[in-house]
Amino acid sequence: MIRKKISWLWDILTRFDSVDRFERMRACAGALIGITLTGACSILMLGHSVGALWLIAPMGASAVLLFAVPASPLAQPWSIVGGNLCAGLIGVTCAKLIGEPVLAAGLAAGLAIGAMFWLRCLHPPSGAVALTAVLGGPAIHQLGYHFLLVPVGLNTFLLLLTAILFNNATGRRYPHIAFKDHSNQHALKDVEPTARVGFTPEDLDIVLSRYNQVLDISRGDLENIFLETEMEVHRRRFGIVSCKDLMSRDVVSVDFGTDLLTAWNLLEVHRLTAIPVVGRGKHVVGILTKADFIKPIRLQNYAQLGKKLRQLLRNVPRAHSNKPEVVGQIMYKDVTVAREDQAIVELVPLMSDRGLHSIPVVDDDGRLVGMLTQSDLIAGLYKSHLQA
């Protein structure tokens, strides 16, 4: 029994060890900047004479959520705006209608939670907003429903604006939307390939309904954590096979200004479906596939394909023409690349779900060093299973 209690206590003390020093400092700096700017702007807009009244205490709790756990569903914009405003409205109403402060405080907190559940804007610091409206003293009571606009609305808006700017500037996407799309890219009823093995979204929904508690993590984030855990299990069981172990190193590439006929001939001669496009220093700037040659062609029927393609590939002697002339005009610019030390298991969702057939591999300086295809990936996964 004592050992279990010690283990439970140790689990609590080490719960945040997975967060590195930079993330902790980032959260602290965000709260410092957010609260300071919120208070300073409130004073500048409303006058210094009102003092600390215009920076209410619940904003400190909101700052913890917005800057320390910005991915939490409880920290999203609608949660803080809807939660604070409805809690403030309920708190002021209870303070006006109920003379007993203790009863008014209890009702305000309970009704605020119920309203936030109903409006889907659960925000823990909003409970403190409701209590502030009831127990804040004569200064707060004199404001009446004006309390919703100033200080609650003003503080909420300024802190939220700071959180949006700061989190995105420091590498944390906010508002945070984590939803894994399992729809088939071919517009068919089948889900994506990786969703056909292991647990399914429906399995996760069933377990969450049984758990029947509010989680401080979005469903999409939870699913992504499970999927990454499965990948980590695969690495532990079968070892790490990286891109540099499987990639083709003798890579055929073209420049941005390569003419279309030359590029087409390279694809045909080497029997390739895709070819990387490089710029200065062999940095990847795009990728060219045979499908990219079809996009500029406006076809009314399939019989015109050969004729239209020949017209596209034919060099025009004039300096300028209406049709594309070089690779850079038709290539796909938003190209996905892989690092040479990246585990191939991380590329499975890209190739199976997003339908990528080839991925350029780059070194630490972003220079093209290889090419990885679906065939390479299948061979690597098969070999790793045989050796395990």
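Can you run phi through the Karplus equation (6.51, -1.76, 1.60; θ = phi - 60°) for region 101-116 and list ³J(HN,Hα) in whole Hz, with x for Gly and Pro?
Taking θ as phi minus 60°, the curve returns x, 5, 5, 4, 5, x, 5, 4, 5, x, 5, 5, 5, x, 5, 5 Hz for region 101-116.
Show me the three semi-axes of the equivalent ellipsoid for region 29-173, from the C-alpha gyration tensor (sqrt of 5 times each eigenvalue), largest first, rounded to whole Å.
Values: eigenvalues 126, 71, 20 Å².
Taking √(5λ) for each eigenvalue gives 25, 19, 10 Å, largest first.
Would you mind calculating the gained length between Ala29 and His141 on full extension (0.36 nm times residue separation, minus the Cα-Cα distance), in nm to one decimal?
37.0 nm
Work out how much length Lys333 to Ala40 would gain on full extension: take 0.36 nm times their residue separation and subtract the Cα-Cα distance, in nm to one decimal.
Working it through step by step, the gained length comes to 101.1 nm.
Can you order the peptides 69-76, 213-220 by their average number of other Cβ atoms within 10 Å per residue, highest first? Walk me through the numbers on the way to the answer.
Values: 69-76: 21.4, 213-220: 12.9.
By packing density, highest mean first, the sequence is 69-76, 213-220.
Apply the Karplus curve 6.51 cos²θ - 1.76 cosθ + 1.60, θ = phi - 60°, to the phi angles in region 278-290 and return the couplings in whole Hz, x for Gly and Pro.
These are the phi-based 3J(HN,Hα) values: 10, x, 5, x, 6, 7, 6, 10, x, 9, 10, 10, 4 Hz.
Residue separation times 0.36 nm, minus the C-alpha to C-alpha distance between Phe157 and Leu266: what's the value?
Full extension from Phe157 to Leu266 adds 33.5 nm.
Which ³J(HN,Hα) values in Hz, rounded to whole numbers, follow from the phi angles of region 32-43 under the Karplus curve 6.51 cos²θ - 1.76 cosθ + 1.60, where θ = phi - 60° and Gly and Pro get x?
4, 5, x, 5, 5, 5, 4, x, 5, 5, 4, 5
With a/c under 1.5 counting as rounded, go ahead and sort region 81-163 into rounded, prolate or oblate using the C-alpha gyration tensor (a ≥ b ≥ c being the square roots of the eigenvalues; past the cut-off, prolate if a/b is larger than b/c, else oblate).
oblate
Could you sort the peptides 102-109, 280-287 by per-residue average Cβ neighbour count (10 Å cutoff), highest mean leading?
The packing order, highest mean first, is 102-109, 280-287.
Read the figures in this text as sums done on the coordinates, not as results from a lab. Remember, it's a predicted structure, so these values are computed and weren't measured experimentally. So basically every Cβ, Gly included, is an ideal-geometry build from the backbone, and we count neighbours across all protein chains shown.
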